[in-house]
Amino acid sequence: MTTEATLLAQIYADPTADGPRLVYADYLQERGDPRGELIALQILNRDTPRERELLERHAKEWLGPLAAVIDLPPNAQTTFERGFLAIAEIVRDAGPLLPPLLHDPAWSTVEELRGWDSDIVLARAPLPGLRRLQSMLPIDRLAVLAQRPTPLANLVELVVAAFAPFSSEERAYLGHCEGLPGLRELVIAANYALTIDDILWLVESPVARRVERLVIRRPGRPRTADAEEQRAVRAIADVLVRTTATVPSLAITTPAAPIELVRAASGFYRVS
């Protein structure tokens with residue numbers, strides 16, 4: 001293994017650490033490689049105009065093989081931090097291009113995954129640094145995460161799409177969120193308004209007992225202020241304040257009637 005390959009392997013093995021990246025930056029700067037300058041700037045001495053200039057010139061090159069499936073600004077939120085890919089936005093219809101790239105170690109530094117076909121990446125790519133998934137994940141894809149050979153230990157935020165009332169199989173996946181030991185915020189984006197029974201099941205599920213925040217997004221309605229929706233959400237809140245609280249923070253939100261509840265000794269306490 002070459003010296004450069006060894007340095008990269010150290011970065012991919014511990015993507016949260018600055019030390020290996022700074023050693024690599026010195027190695028590159030000694031050889032006149034501009035990526036060394038980017039790493040040093042983003043860790044030691046932020047210079048946004050210079051960083052932007054370097055990335056406009058070299059970002060595609062620094063993505064390596066992943067350039068075929070990662071969309072770049074100005075059309076995407078893809079971002080480099082500390083010299084490496086941090087926010088990865090997958091291009092539309094990347095699906096057929098992804099399988100040969102899923103073992104690329106460059107995925108290791110990704111902290112946030114966005115865009116299309118992200119579930120394919122989640123299933124198999126090395127993602128030790130992943131903290132947030134901004135794409136909505138269908139409930140049945142939670143089974144794929146549970147089957148990963150290595151859990152997504154650092155994933156703390158997840159948005160799950162609920163396109164129908166929960167089936168017993170979906171409840172099994174959602175109730176445990178296996179393979180996500182570090183999960184702290186779980187967002188349920190419902191295509192149909194969840195019933196009070198669905199919500200009570202959620203707040204009593206095993207996953208609610210280990211996350212810090214549970215968010216239930218009811219489907220948006222045509223009008224910003226909708227009296228019917230406000231009544232429905234208030235009725236749910238009235239039940240929840242008499243329910244034994246598990247999750248420390250619970251939000252039930254729509255454009256018309258967002259509410260926020262926190263755990264109290266006798267149940268949930270409404271704060272907004």
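Taken together, the values in this text are just the output of simple stated rules run on the coordinates, not laboratory data. All values reported here derive from a predicted model rather than from experimental measurement. FYI the Cβ positions are ideal-geometry reconstructions off the backbone, even for glycines, and counts take in every protein chain you see.
Can you show me the helix-derived [θ] at 222 nm for the chain, built from DSSP H runs with n ≥ 4 at -39,500 (n - 2.57) apiece and divided by the number of residues, rounded to the nearest 500. If you can, show how the numbers build up before the last one.
Working: 9 runs with 94 residues, N = 272.
The helix-only estimate for the chain comes to -10500 deg cm²/dmol at 222 nm.
With point charges of +1 on the Cβ of Lys and Arg and -1 on the Cβ of Asp and Glu, referenced to the Cα centre of the range 61-270, which listed residue (GLY129, VAL159, VAL110) lies farthest in the positive direction of the dipole?
The listed residue farthest towards the positive side: VAL159.
When only alpha-carbon atoms count, how far does the range 16-148 stretch along each of its three principal axes, as whole angstroms with the largest first?
Computed over the range 16-148, the largest-to-smallest principal extents equal 48, 29, 24 Å.
Using 15 Å as the cut-off for backbone N distance, which residues of the range 87-109 belong to the label zone defined by a point 7 Å from the Cα of ASN75 along Cα→Cβ?
Label zone hits: 89-95.
Among bridges DSSP assigns within the chain, what percent are antiparallel (round to 5)? All intermediate terms of the calculation are to be shown ahead of the outcome.
On the way: 12 of 37 bridges.
DSSP beta bridges in the chain are roughly 30 percent antiparallel.
Test of understanding: what is the full-extension gain from ALA13 to VAL262, defined as 0.36 nm times their sequence separation minus their Cα-Cα distance? Let's see the in-between values first.
Working: separation 249, 0.36 × 249 = 89.64 nm, distance 3.79 nm.
My answer for the length gained is 85.9 nm.
Size of the dipole of the range 156-248 about the Cα centre, Lys and Arg at +1 and Asp and Glu at -1 on the beta carbon, nothing else charged, in debye to 20? Before the final figure, lay out the partial values.
Numbers: 12 positive and 13 negative charges, 55 e Å.
Taking the Cα centre of the range 156-248 as origin, the dipole is about 260 debye.
For the chain, report the % of Cα-Cα distances exceeding 33 Å.
Values: 12203 of 36856 pairs.
More than 33 Å apart: 33 percent of the Cα pairs in the chain.
Taking the Cβ-Cβ separation of HIS176 and GLU30 as r and a Förster radius of 35 Å, what is the calculated FRET efficiency to the nearest 0.05? Don't jump to the answer; show the numbers that get you there.
Details: r = 50 Å, r/R0 = 1.42.
According to the calculation, E is roughly 0.10.
Determine the relative contact order of the chain: mean sequence separation of Cα pairs under 8 Å and six or more apart, normalised by residue count, in whole percent.
Values: 490 pairs, mean separation 26.2, N = 272.
For the chain, the relative contact order is 10 percent.
Is there a quick way to get the dipole size of the chain? I mean about its Cα centre, with the Cβ of Lys and Arg at +1 and of Asp and Glu at -1; what is the value in debye to the nearest 20? Don't jump to the answer; show the numbers that get you there.
Numbers: 30 positive and 36 negative charges, 162 e Å.
It works out to roughly 780 debye.
Positive end of the dipole of the range 61-270, charges at C-beta (+1 Lys, Arg; -1 Asp, Glu), about the Cα centre: which of LEU66, VAL144, ILE199 has its Cα farthest in that direction?
ILE199
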